[in-house]
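Notes follow once the structure below has been shown.
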Amino acid sequence: MSKNKEFVKFEKVDKSYDGKVLVVKDLNLDISEGEFITMLGPSGSGKTTCLMMLAGFETPTNGEIYLDKNPISNIPPHKRGIGMVFQNYALFPHMTVYENLAFPLRVRKMPKDEADKKIDKALSMVSLSGFENRMPGQLSGGQQQRVAVARALVFDPSVVLMDEPLGALDKNLRESMQYEIKHIHESIGVTVVYVTHDQGEALTMSNRIAVFNDGKVQQLSSPDQLYEKPVNSFVAEFIGENNTFAGEVSNISKDKCKVKVNGGEIIANPISVKSKGEKTTVSIRPERALINPKENMDNNHKGKIEEVIYHGDHTRVRLSLLGNSDFILKVPNSSENLDIKLGNTINIGWNSQDARALDPK
Amino acid sequence: MSSETQKILTTDGIPLEESLKKAEKKNKIKAFLLVCPLLLFLIITYVFPIGDMLFRSVDDRMVTNMLPKTYKAMENWDGKELPEEEVFEAFYQDYKLLVEEKTFGKLATQLNYEKNGFKSILKKLQRKMKKFEEGNYKEQIMNVHKRWANVEYWRAIKRRAPAISYSKYLKGMDLIEDESGSITQVPEDRRVHRVLWLRTLEVAFFVTLFCFVMAYPIAHLLATLPMKYSNLLMICVLLPFWTSLLVRTASWMILLQQQGVVNDFFVWIGLVADDNRPEMMYNKTGTYVAMTQILLPFMVLPLYSVMKTISPSLMRAGKSLGGTPFIAFWKVYFPLTIPGIGAGCLLVFILAIGYYITPALVGGASGTLISNQIAFHMKSTLDWSFASAMGLMLLTGVLAIYWVYNKLVGVDNIKLG
């Protein structure tokens, strides 16, 4: 069975609420069948608006959305057959768990015995068998969340949308629910469009992540690509931790460039700079910079330790390095006796491949 | 485990319970003193007068106190034939005393309630009595007017003997206890109250219905519009509250009268002919229109407060799960508003059932309600006991409705805000 690569397709979609500001700008996005795609971005970046347009609660101001090659802008939400998990679950408080799950089946006039089977299956999938007669108010947050997931899946929709479904849960529960939703997705192969502002959540769960900012998709790629190879400084900044140097390209070859920064020169990997004299921001992940580099690293600088924060499994060290006093290092907690003391000066090194020269901030 | 429960002691060795009581006693006294003024106020201005009014509806000692000797003499009278001389003599003496005290008018009023025609013969008796000679009062009184020789008038006096009477309640339901003591309906041309009761229920029911039909969309709009507009709309809803009830009713009179604004408009757009303007006031239509408008906020506010708590994502969820907008409304939204509907309907119905000023002003003859009748007896006939009997019947009716409502919907489900 060949999967449709353009199962959901946003084509040149614009959205404005007031006719003055574009909330979504020229969005082009293809989602393939069975994919778990996450829209990640700060609040107000347009990700929820995209989800609402797909669900049918908002209409695109311009452009078209296709579901399985059919334009859907003129189809009302209840005819789209898209399941949705809402931020606050939106369980019907006056109905039992069973009735909540039966609602989508009843409006589709499914015979009762068939519906019962589906409800049983959906509830056992979220391990809530036996909770049929409870009211939503009698369930814990995590349980309500699972009922909401089961309800969105019980009528076998082709696409399920999730709008920050784990936002209201505490940290431990949120993590276990992330795995649970991921496993459900893997076992039934439904297409999931997930919206969150939590990058950890996005990295754990998704096949691909679309990073939104300012109404535009900044980068669309797999979680590892996104983390390892951010294409611009917003993505680098937004995903994970990041040390940055603002500077100017002083020399550039094919895969290396020299960047002049405040207190010296860095050899970096030119990503979005092309010529000498361009302004740039160099981004280095904290775990890619090492203390006392043994190998022959092409960047080697001296830094002064400004602050040491103990984190158990690792120690965070704040250095002042090349004019940047917020350079963060993560030092794994090992038996090696490193000379990490406040005020000491140490050697720091990294590979030029890991220092990405991106667009200036 | 030991079976005996050990008394817990405080560190000073006093039993804990005792110590707790002691500690809380002061607070209790303080709390009581704080509510004391209000309690006294309520007892003096509310419990006592209302209790007194309600007692009046069954209190029948007035006549008994005015004619003590007569009733004593009547104890042996079987009520079949005209009473003996001693009853007439006792009545003469009682009445003479009342004439001297100049309170005989009250007796005339009271006895007239019992039987029509008492007023004139008592007046006549008062005039002729001055020339009465001692002895043989039976003869002399009977000569004053032929009705004094009619045994029914004497029976009417005797019927007022008991100190407690429920005749006012019977009267309120167009029933009467006839001479033989059985309860029958009053003649057809005098059955006024039952019509009024039914009309009151009918008007209250339809006003509630109209209010509900109009308030539901308004409340929904209020709950879903953005703050900027909903505040303005809320002011529009509440604005009538800030104007006097009389002003509002009077403005309805200006609008609805035959030469009024609404009629002029109908004539102008050609809906009705100029010489055939419909009567929209001094009948039930006027009562419906004015009362619905005045009671509307009482429906809007409870509905609004309930709708405000319903998350808009519930309707969206209903739609995304495949429900048409109507199904999503009917299965999801509507059931969640039932507590508000219950509160609003109960509030409007109870207010409407006892409504007074508006029907009095715009109701005319066919639009007045039971409360207007109560007011009429309070102010015009001064039959306070009858008025309070009807008041109590109204109250009982409201309580009965409340009870039925509680059985059907459950008072716990009511939400006022």
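Readers should treat all values here as calculations from the given coordinates under stated rules, not as data from a laboratory. Predicted model, so just to flag it, every value in this text is computed and none were measured. We place every Cβ from the backbone using ideal geometry, glycine too, and count neighbours over all the protein chains shown.
Once the Cα atoms are used to define both axes, helix A:97-107 deviates from the longest principal axis of chain A by about 70 degrees. Cross-link reach is defined here as a Cα-Cα straight distance under 19 Å, omitting same-chain residues fewer than 8 places apart; for A:Lys254 the aspartates and glutamates meeting it are A:Glu265, A:Glu278, A:Asp298, A:Asp354, A:Asp359.
Distance between the 7 Å Cα→Cβ label points at B:Asn150 and A:Ser43: 8.8 nm.
For A:Glu237, A:Glu201, B:Glu279, what's the fewest-to-most ordering of other Cβ within 10 Å of each Cβ? If I rank by nearby Cβ atoms, fewest first, I get B:Glu279, A:Glu237, A:Glu201. Summarising the label geometry, the points placed 7 Å from Cα in the beta-carbon direction at B:Glu100 and A:Asp156 lie 10.6 nm from one another. For the Cα atoms of chain A, what angle does the longest principal axis make with the long axis of helix A:112-125, in degrees from 0 to 90, nearest 10? Tilt relative to chain A: about 20 degrees.
How high is the relative contact order of region A:215-361? Use alpha-carbon pairs under 8 Å, at least six apart in sequence, and give a whole percent. Walk me through the intermediate numbers first.
Numbers: 322 pairs, mean separation 40.4, N = 147.
Across region A:215-361, relative contact order equals 27 percent.
Listed by chain and number, the aspartates and glutamates whose alpha-carbon sits under 17 Å from that of A:Lys15, ignoring those within fewer than 8 places in the same chain, are A:Asp26, A:Glu58, A:Glu64, A:Asp214. Remark: A:Ser158, A:Ser127, B:Ser305 ranked as A:Ser127, A:Ser158, B:Ser305, counting other beta-carbon atoms within 10 Å and listing the fewest first.
With viscosity set to 1.002 mPa s at 20 °C, what whole-number translational diffusion coefficient in µm²/s follows for chain A from Stokes-Einstein and a Kirkwood radius over Cα pairs?
On the way: Rh = 23.1 Å.
Translational D for this selection: 93 µm²/s.
Only aspartates and glutamates eight or more places from B:Lys22 in sequence, or on another chain, were considered; those with a Cα closer than 20 Å are B:Asp12. Of the Cα atoms belonging to region B:83-228, the radius of gyration and Dmax stand at 26.2, 92 Å. Using the Cβ-Cβ distance between A:Lys330 and A:Lys294 with R0 set to 22 Å, the FRET efficiency works out to roughly 0.80. Note on region B:135-194: Cα-only Rg and Dmax are 15.2, 49 Å. Applying 1/(1 + (r/R0)^6) with r as the Cβ-Cβ distance of B:Thr324 and A:Thr204 and R0 = 56 angstrom yields a FRET efficiency of 0.90. Listed by Cβ neighbour count within 10 Å, with the fewest neighbours leading, B:Arg191, B:Arg199 appear as B:Arg191, B:Arg199. By the combined test of axial Cα extent (at least 20 Å) and Kyte-Doolittle hydropathy (mean at least 1.6), the qualifying DSSP H helices of chain B come to B:334-353. Under 5 Å between amide hydrogens, built in the peptide plane, is the criterion, and for A:Ala210 it picks out A:Thr38, A:Met39, A:Leu40 among residues at least 5 positions away or on other chains. With a cut-off of 8 Å between alpha carbons and a minimum separation of six or more residues, what is the relative contact order of region B:61-165 in percent? Value for region B:61-165: 38 percent.
Which pairs break 26 Å Cα to Cα here: A:Lys5/A:Lys121; A:Lys25/A:Lys258; A:Lys117/B:Lys331; B:Lys124/B:Lys168; A:Lys12/A:Lys279?
Values: A:Lys5/A:Lys121 29 Å; A:Lys25/A:Lys258 35 Å; A:Lys117/B:Lys331 23 Å; B:Lys124/B:Lys168 28 Å; A:Lys12/A:Lys279 31 Å.
Too far apart for the 26 Å limit: A:Lys5/A:Lys121; A:Lys25/A:Lys258; B:Lys124/B:Lys168; A:Lys12/A:Lys279.
Since only A:Val331, A:Pro77, A:Ile239 are under comparison, the one whose Cα sits farthest along the positive direction of the charge dipole of the protein assembly as shown, derived from C-beta charges on Lys, Arg, Asp and Glu, is A:Pro77.
So which trypsin sites (Lys or Arg not before Pro) in region A:1-61 are both in a DSSP loop and have at most 14 other Cβ atoms within 10 Å of their Cβ? Write down the numbers at each step before the final one.
Details: sites: A:Lys3, A:Lys5, A:Lys9, A:Lys12, A:Lys15, A:Lys20, A:Lys25, A:Lys47; in loops: A:Lys3, A:Lys5, A:Lys20.
Taking region A:1-61 and a limit of 14 other Cβ atoms within 10 Å, the loop trypsin sites (Lys or Arg not before Pro) found are A:Lys3, A:Lys5, A:Lys20.
Which shape class, rounded, prolate or oblate, goes with region A:206-257 when its Cα gyration tensor gives a ≥ b ≥ c as root eigenvalues, a/c under 1.5 marks rounded, and past that a/b bigger than b/c marks prolate? Prolate, since a/c reaches 1.5 and a/b exceeds b/c. Amide H to amide H distances under 5 Å link A:Gly63 with A:Asp14, where only residues 5 or more positions off or on other chains count and H is placed in the peptide plane.
Volume of the convex hull of chain B (Cα atoms only), normalised per residue: 339 Å³. Inter-chain neighbour count for A:82-92: the average number of beta-carbon atoms from partner chains within 10 Å of each residue's beta-carbon is 5. The distance between label points at B:Thr396 and B:Ser251 comes to 4.1 nm (points 7 Å beyond Cα on the Cα→Cβ vector).
Please report the spacing between the Cα centers of region A:299-361 and region A:97-118 in Å, no decimals. Comparing the Cα centres of region A:299-361 and region A:97-118, I get a distance of 58 Å. Every Cα-Cα pair in the protein assembly as shown was counted, and those over 39 Å apart are 65% of them. Dipole size of region A:8-233 about its Cα centre, with +1 on Lys/Arg Cβ and -1 on Asp/Glu Cβ: approximately 460 debye, rounded to the nearest 20. Counting Lys and Arg as +1 and Asp and Glu as -1 over every other residue whose Cβ lies under 13 Å from the Cβ of B:Leu82, the net charge comes to -1. For chain B, modelled as a GNM whose springs connect Cα atoms under 10 angstrom apart, the maximal fluctuation among B:Glu85, B:Glu114, B:Glu188 occurs at B:Glu188.
Near A:Met162, the amide H atoms lying under 5 Å from its own belong to A:Val85, A:Val193, A:Tyr194, A:Val195; only residues 5 or more places off or on other chains count, and H is placed 1.01 Å from N. Which one of B:Gly105, B:Leu82, B:Thr70 has its Cα pushed farthest toward the positive end of the charge dipole of region B:61-165, where Lys and Arg give +1 and Asp and Glu give -1 at the Cβ? Of the listed residues, the answer is B:Gly105. For chain A, the relative contact order works out to 15 percent when only alpha carbon pairs closer than 8 Å and six or more residues apart are counted.
Assuming R0 = 25 Å, can you tell me the calculated FRET efficiency for the pair B:Phe205 and B:Trp384, based on Cβ-Cβ distance, to the nearest 0.05? Display every interim value, and only then the final one.
Numbers: r = 29 Å, r/R0 = 1.18.
After rounding, the FRET efficiency stands at 0.25.
Taken as Cα centroids, region A:1-66 and region B:316-389 sit 49 Å apart, rounded to the nearest whole angstrom. Region A:164-236 and region B:116-150 have Cα centres separated by 107 Å.
Once you order the gyration tensor axes a ≥ b ≥ c over the Cα atoms, which shape class does region B:61-165 get: rounded for a/c under 1.5, otherwise prolate or oblate by comparing a/b with b/c? Each step should come with its number before you reach the end.
Numbers: a/c = 1.33, a/b = 1.12, b/c = 1.19.
Rounded, because the longest to shortest axis ratio a/c is under 1.5.
Over all directions, the projected convex hull of the C-alpha atoms in region B:193-413 averages 15.7 nm² in area.
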